[in-house]
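Shown next, in structure tokens, is the structure this report addresses.
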Amino acid sequence: MRLLLFFLALNLTLWAQEDFNSLLNAYKAESDLSHITKRESAGFVDVYTRSDLEMMQVKTFQDILRIIPGLHYTRTSNNLTSLSKPSTSNIKLTSTRLYVNDHDMSSSSFGSAFIIWGELPLEYIDHIEVYKGSSSIEFGNETASLVIKLYTKTPQREEGRKVRLTADTKKSTMLDAYVASTDDDFSYFAYANLNNIKRKKYDNLYNAQNYTLPSDRLGHNLYANLNYKDLRVELGSYAKESDSFLGIGTHRTPQGGKLDAYQHYIHITQKFSHDIKLQLSYDKASYKRSYIDPNGIHVANMPTINYYGIHFEDEILSVILEKQLRYEKHSLLVGTFYKQKKFKEHGDFYDNAQTYTHQNSFSNTLNLSSIYAEYSYDYDPKTKLIASVKEDFFQYKKDVKDTNELVSRVGVIKNIHDFQIKAFGTYSYVPTPFYQLYNPDNKPYKANPNLKNMPLMIASLSVRYKKEKHDLELIFAKNRAKNFIIYDRSTPYGYKNSSSDARYTRYQLKYTYNIDNFNKLILDAYTGNNNKHIVISPQYAANIRLFNRYKKFDIYNELLYKSSYSYANLYMDASFNYSCAVKYHLNKDFSLGLRGENLFNDSFEQAYRGYNRAIAVTDQKVWFNMEYLF
């Protein structure tokens, strides 16, 4: 309570005063890299600038996922990062794409990056862009309706060295360090992170015995880019070890089990004359998971077991070639890519008495190729017309039928005085990952050759009013997915296509009041409904974020509201998650910061089947950090 009163008193004191006289800070804001990378034609975009990230004192990717409007950030029962839409359950993994610069972080096994990269440390990230309603053609890669782009810091802006030390009231620690240098045509940026994250522990009482539910995490992140003229080489490596939280046992009584995962990659980009760009990349990833539950684990068509172990291994080779053509009012992007995605799985399953033991192993390779084009036409200075088309070719080495998939999109952006109208229509699909094609839990494993990708149709419209310091936007989007993939224990394959459609409608209001470059208020309110008329996550939500700079202080306030909902026979009250960050710059090279999270102890809570209480997604804690540039 004392900490909460301290934060509130400090904010009231500092918010009452304003500072409009920092020309250097204004220049930094105007030269923000997001002005260069943002693509208005790619969909509806939310941008988190470098200034935003620094004032928020973000530590990991979760700090951003928590505040993306139109989505709920949560965690799964096995301690992984997940997202859901208002009123619905978790969104399909393969409908999202995470990029670091131009590199797609998705795995072959799961078709998404969130399984491994969901808690990525962010100190080496300059700014973030979140695109909703995108077909991802603009980014020259696999299709997705939600695209998140993380742009790394550049040597030119980071010349020198930086160290950041972070610790919290639950004894978590993080160390970030980077070095950057430029010399004529050559430059480099290198970054390293070590993290040891402690979470609140919960308990479960079953048959008079108490079981602890830990969810701690330990990991490291390494990144470097080397630049020579128009050649860029990027190296990345992220590894983590985490507890299994509730696990997957029938009664949620784990006694051990963990996740060991890593992904390493190299990405090479060469730009040529005449607007030609070539990209080559290679990824190697591993996901090794174990669950131990003395009271039984029940999966698929196996008998009750006590140990569940599974190991996925991925290798991805990618080649992308693009050319941009421009002539007067016309612009045409043409490109092609090829990906070879290798996938291997090994599983071990047994009970305590060893009366049942089973192992399975299988592998496959997907050769995925694509051709695509996007055309834009400036009808007049205030009107842009957009059309794009993409054809994807799936060729599997064995077991699964080859298929082709079409993606197409049309759009218009119209400016009328202080108003801007955006409208898009998209026909796309949701790719099916290897783990659904094979369903490794089954005994014996069987590939489902009849499982189809889910066709996806999206219609979206926004009206934006922007004048002086005010920016107001209304967004409406309607999605329809066919052949929806569901899990059915009674079938020999587990996963199957449903005969019913899944339809979803989203509404969002976004208002920004820009006082100046470093003082602003942002309000997001959103809701959504589905054609099943079910509410298994908060249907209504709102975010209020307040940024302020006064002399040597940076102040950030965040209030996240989620409405009440019911799930798994539990009722969750509405939540008001308040967080605050204050940073003091002793000089241009040294700063001290505090960030308090869930200070009201009223975070959005997630309910889980088989457990008799809901668990807060965000722990109540206070972080302290120290930054030094030299």
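Observations
- Residues being open to solvent by 10 Å² or more (accessible area, probe 1.4 Å) and either modelled with pLDDT under 95 or of a type in the set (Gly, Ala, Ser) (or both) - total across the range 51-70: 1
- When residues of the range 492-504 are limited to those that are crowded, with 16+ Cβ neighbours inside 10 Å and of a type outside the set (Lys, Arg), the one farthest from Tyr465 (Cα to Cα): Tyr493
Conditions tested, residue by residue: (1) hydrophobic (A, V, I, L, M, F, W, C); (2) at pLDDT below 95; (3) more than 26 Å from Gln436 (Cβ to Cβ); (4) in a strand (DSSP E or B).
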| site | (1), (2), (3), (4) |
| --- | --- |
| Met302 | yes, yes, no, no |
| Glu315 | no, no, no, yes |
| Arg326 | no, yes, yes, yes |
| Lys344 | no, yes, no, yes |
| Gln354 | no, yes, yes, no |
| His358 | no, yes, no, yes |
| Ser363 | no, yes, no, yes |
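- Total residues in the range 541-552, condition part of a strand (DSSP E or B) and surrounded by fewer than 18 Cβ atoms within 10 Å (Cβ to Cβ): 3
- Set Asp501, Asp524, Asp471: member being of a type in the set (D, E, K, R) and more than 25 Å from Tyr561 (Cβ to Cβ): Asp501
- Selection from the range 593-630 of residues that are open to solvent by 60 Å² or more (accessible area, probe 1.4 Å) and either touching a helix residue (DSSP H, G or I) at 6+ places or on another chain (Cβ under 6 Å) or among the hydrophobic types (A, V, I, L, M, F, W, C) (or both): Phe600, Phe624, Met626, Leu629, Phe630
- Selection status of Gln279, out of contact with any Lys or Arg (no Cβ under 6 Å at 6 or more places or on another chain) and assigned to a loop (DSSP other than H, G, I, E, B): no
- Candidate set: the range 90-118, residues that are in contact with a Lys or Arg (Cβ under 7 Å, 6 or more places away or on another chain) and open to solvent by 10 Å² or more (accessible area, probe 1.4 Å); chosen: the one nearest to Thr336 (Cα to Cα): Asp104
- Test: residue in the range 154-163 that is of a type in the set (Ser, Thr, Tyr), closer than 24 Å to Ile276 by Cα and surrounded by fewer than 20 Cβ atoms within 10 Å (Cβ to Cβ): yes
- Helices (runs of 4 or more DSSP H) lying entirely in the range 47-155 (those with 3 or more residues that are of a type outside the set (A, V, I, L, M, F, W, C)): 50-56
- Of the residues making up the range 447-455, at least one is of a type outside the set (Asp, Glu), part of a strand (DSSP E or B) and more than 30 Å from Val582 (Cβ to Cβ).
- Selection from the range 178-221 of residues that are open to solvent by less than 20 Å² (accessible area, probe 1.4 Å) and either touching a His at 6+ places or on another chain (Cβ under 9 Å) or under 19 Å from Asn295 (Cβ atoms) (or both): Asn193, Asn195, Tyr202, Asn204, Tyr211, Leu213
- Within the range 573-606, considering residues that are in a loop (DSSP other than H, G, I, E, B) and touching a Phe, Trp or Tyr at 6+ places or on another chain (Cβ under 6 Å), the one farthest from Asp168 (Cα to Cα): Asp602
- Selection count where residues are closer than 30 Å to Asn483 by Cα and open to solvent by 30 Å² or more (accessible area, probe 1.4 Å), scope the range 507-517: 1
- Residue in the range 518-530 that is part of a loop (DSSP other than H, G, I, E, B) and crowded, with 18+ Cβ neighbours inside 10 Å present: yes
- Considered as a group, the residues in the range 222-273 that are acidic (Asp, Glu) and either buried (at least 21 other Cβ atoms within 10 Å of the Cβ) or modelled with pLDDT under 95 (or both) include one that is farthest from Phe189 (Cα to Cα), and that residue is Asp243.
- Cβ-Cβ under 6 Å pairs, at least 6 apart or on other chains, the range 228-242 side in contact (Cβ under 8 Å) with a residue 60 or more places away in the chain, far side open to solvent by 10 Å² or more (accessible area, probe 1.4 Å) and not in a strand (DSSP E or B): Ser242/Asn79
- Among the candidates Leu235, Leu332, Leu259, residue that is farther than 21 Å from Ile115 by Cα and in a strand (DSSP E or B): Leu332
The values are calculated or read from the model by the stated rules, or taken from the named source; none is laboratory data. Note that this is a predicted model, so its numbers are computed, not measured. Cβ sites come from the backbone with ideal geometry, for glycine too, and all protein chains shown count toward neighbours. We work out accessible area using only protein heavy atoms, side chains counted, and drop any ligands, DNA or RNA first. Shrake-Rupley method; radii C 1.70, N 1.55, O 1.52, S 1.80 Å.
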